[in-house]
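Only one structure is covered here, and it is reproduced in the block below.
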Amino acid sequence: MRFLLDDEQRQFATSLDEMLSAAGTPGVARSWAAGDFGPGRALWARIADSGVFALAIPEAQGGLGPLPVELTVAYEALGRHAVPGPLVETAAAGALLARLGGEPAAAWLHPLAEGKAVATLADGPYALDADAADAVFVVEGETLRLADGAGPVQPTLDPARQLSRPRGGAVPADGPAVTAAYAHAVGLARLSAAAQALGLGRALLTQTVAYAKERRQFGTEIGSFQVIKHRLADTLIALEFAQPLVYGAAVTMADRDLAAAKAAAGEAGYLAARTALQVHGAIGYTEELDLSLWIRKARALRDAWGTPAHCRAAIAAA
């Protein structure tokens, strides 16, 4: 089977790229890392106006979806531009609440779809950007909890990704339906994170190829060196192999396909980050270089919502 995006989906990707290119996302990411969420929330509203956060929410509940392929297109663009914030977690929270229904869905789905609220859903014991979110959701067994606070922020490799332990809060829902809804949300989180990692890896490769054509050593472009060519080729192949897995998973939404997509895209994005760092040399370590915003995010996306080892175990179990 040959899978291609249709004209409308390609136009959607182009419009997002144009909007994000003009938004100055490196500056937004640096402000977010410094605790100034204003620029990020302003960009969040513009992303919501494009319909991105409504794609995971059914039309009957105030969204535009579920449209997993369009969601993948959108999150690949968000990854290409290193947009900060709990993007994956907001989509996952929307999917969780939409599947669960009831009072939590009625209270939060419309604000999430419209970008008027930012939510985060805990991945294990930690929640991403809890201090920037309007709602922090935690699932523990058959219990859904709306946390009323979070502990101290934990340092991470990416300053624009702040982790903390949620605490306290009301229990708006419990029972087996919560477990089933959370499983659905995890699948959507894996798809969104895989798409982000794919977009991030593409952006890193593009920037690295451009640098390899400009940087000269021994009187010639470093891109002409065989070892550099091999590194760039290996990265391209990894991304090319990951892309059909990601979009195939968006079509089937099968647990095994979602795990395979997450493992492949996460590792491809991380390989792109390592290649970028090696090709750029010492300059790649500097925080002043915008490239660092992409490099630091790659490791986090690789491991969020299922490390490659965890995803491969899920594939074997399926």
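Every number in this text was worked out from the coordinates using simple rules, so none of it is lab data. No experiment lies behind these values; they were computed from the predicted model shown. Every residue, glycine among them, receives a Cβ derived from its backbone with ideal geometry; neighbour counts consider all protein chains shown.
General remarks:
- Phi angles of the range 251-259 translate, via the Karplus equation with coefficients 6.51, -1.76, 1.60 and θ = phi - 60°, into HN-Hα couplings of 6, 8, 6, 7, 4, 5, 5, 5, 5 Hz per residue; Gly and Pro are given as x.
- Relative compactness, the range 244-318, computed as alpha-carbon Rg over 2.2 N^0.38 Å: 1.28
- Residues of the range 264-281 with amide N under 17 Å of a point placed 7 Å along Cα→Cβ from residue 214: 276-281
- Packing-based exposure ordering (other Cβ within 10 Å, fewest first) of 126, 247: 126, 247
- Across the options 22, 42, 135, the greatest Cα extent toward the positive end of the charge dipole of the chain (unit charges at beta carbon of Lys, Arg, Asp, Glu) belongs to 22.
- Order of 137, 241 under a 10 Å beta carbon neighbour criterion, fewest first: 241, 137
- Assuming charge only on the beta carbon of Lys and Arg (+1) and of Asp and Glu (-1), the dipole of the range 190-317 about its Cα centre is about 140 debye to the nearest 20.
- Of 237, 109, 316, farthest towards positive along the dipole that unit charges on Lys, Arg, Asp, Glu beta carbons give the chain: 237
- Note on the chain: with charges restricted to the Cβ of Lys and Arg (+1) and Asp and Glu (-1), its dipole about the Cα centre is near 960 debye.
- Calculated FRET value between residue 21 and residue 310, using beta carbons and R₀ = 30 Å, to 0.05: 0.30
- Ordering 164, 15 by the number of other Cβ atoms within 10 Å of each residue's own Cβ, fewest first, gives 15, 164.
- Length released on extending from residue 241 to residue 103, taking residue separation times 0.36 nm less the Cα-Cα span: 45.5 nm
- Database remark: amide H of residue 140 closer than 5 angstrom to the amide H of 145 (H placed geometrically; neighbours at sequence offset of 5 or more, or on other chains; Pro and chain starts carry no H).
- The calculated 222 nm mean residue ellipticity attributable to helices in the chain amounts to -20000 deg cm²/dmol, summing -39500 (n - 2.57) over DSSP H runs of n ≥ 4 and dividing by all residues.
- Hypothetical label at residue 142: residues of the range 97-130 whose amide nitrogen lies under 18 Å (7 Å Cα-Cβ projection): 100-102
- Among the GluC sites (Glu not before Pro) within the range 211-318, those in coil by DSSP and having at most 11 neighbouring Cβ atoms inside 10 Å are 287, 288.
- Charge dipole (debye, nearest 20) of the range 1-42; +1 at Cβ of Lys and Arg, -1 at Cβ of Asp and Glu: 200
- Charge dipole (the range 162-318, unit charges on Cβ, about Cα centre) - positive-most of 261, 211, 168: 211
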